[in-house]
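Asker: Please see the structure below; I have some questions.
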Amino acid sequence: MSLQNIRRIVDKAIEDELFRRVLLDNPETATQGIELSDSELAMLKTLSGGPFASRRGLVDVGKMVQASIEYEPPTENSSSAGRVEESEQKEMSQTY
């Protein structure tokens, strides 16, 4: 998983109220079928109950993730990672 996929999850939560509620209540359920590292899942778990547990808070999270993406240097296999991210995005959009 990459920061781009975290950004897609956060963007979906911003736009889709049902997905947002599921993500904040149970990140494992919301991201079922999407490969996440332990640290990425832990990050998503910290969103509930804190200052980011609202649409506005998630907008701020999205901005922080985007800033990290822009800072992150590209990797050698960036082009192949894009194909995986697209399939995970499709899977996410079909789930909710």
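Laboratory data are not the source of any read-out in this text; all were calculated from the coordinates shown. None of the values given here were measured: they were computed from a predicted structure.
Asker: When a/c reaches 1.5 or more, the comparison of a/b and b/c decides; with that in mind, is region 1-52 rounded, prolate or oblate per its Cα gyration tensor? Intermediate values should be presented prior to the final figure.
Answerer: On the way: a/c = 1.42, a/b = 1.23, b/c = 1.16.
Here region 1-52 falls in the rounded category.
Asker: Report the normalised scattering of region 23-64 as log10 I(q)/I(0) at q = 0.17, 0.23, 0.25 Å⁻¹, calculated by the Debye formula with identical scatterers on the alpha carbons.
Answerer: Log10 I(q)/I(0), no solvent term: -0.44, -0.78, -0.89.
Asker: Using θ = phi - 60° and the Karplus curve 6.51 cos²θ - 1.76 cosθ + 1.60, what whole-Hz ³J(HN,Hα) does each residue of region 2-8 get, with Gly and Pro shown as x?
Answerer: 10, 4, 4, 6, 4, 4, 5
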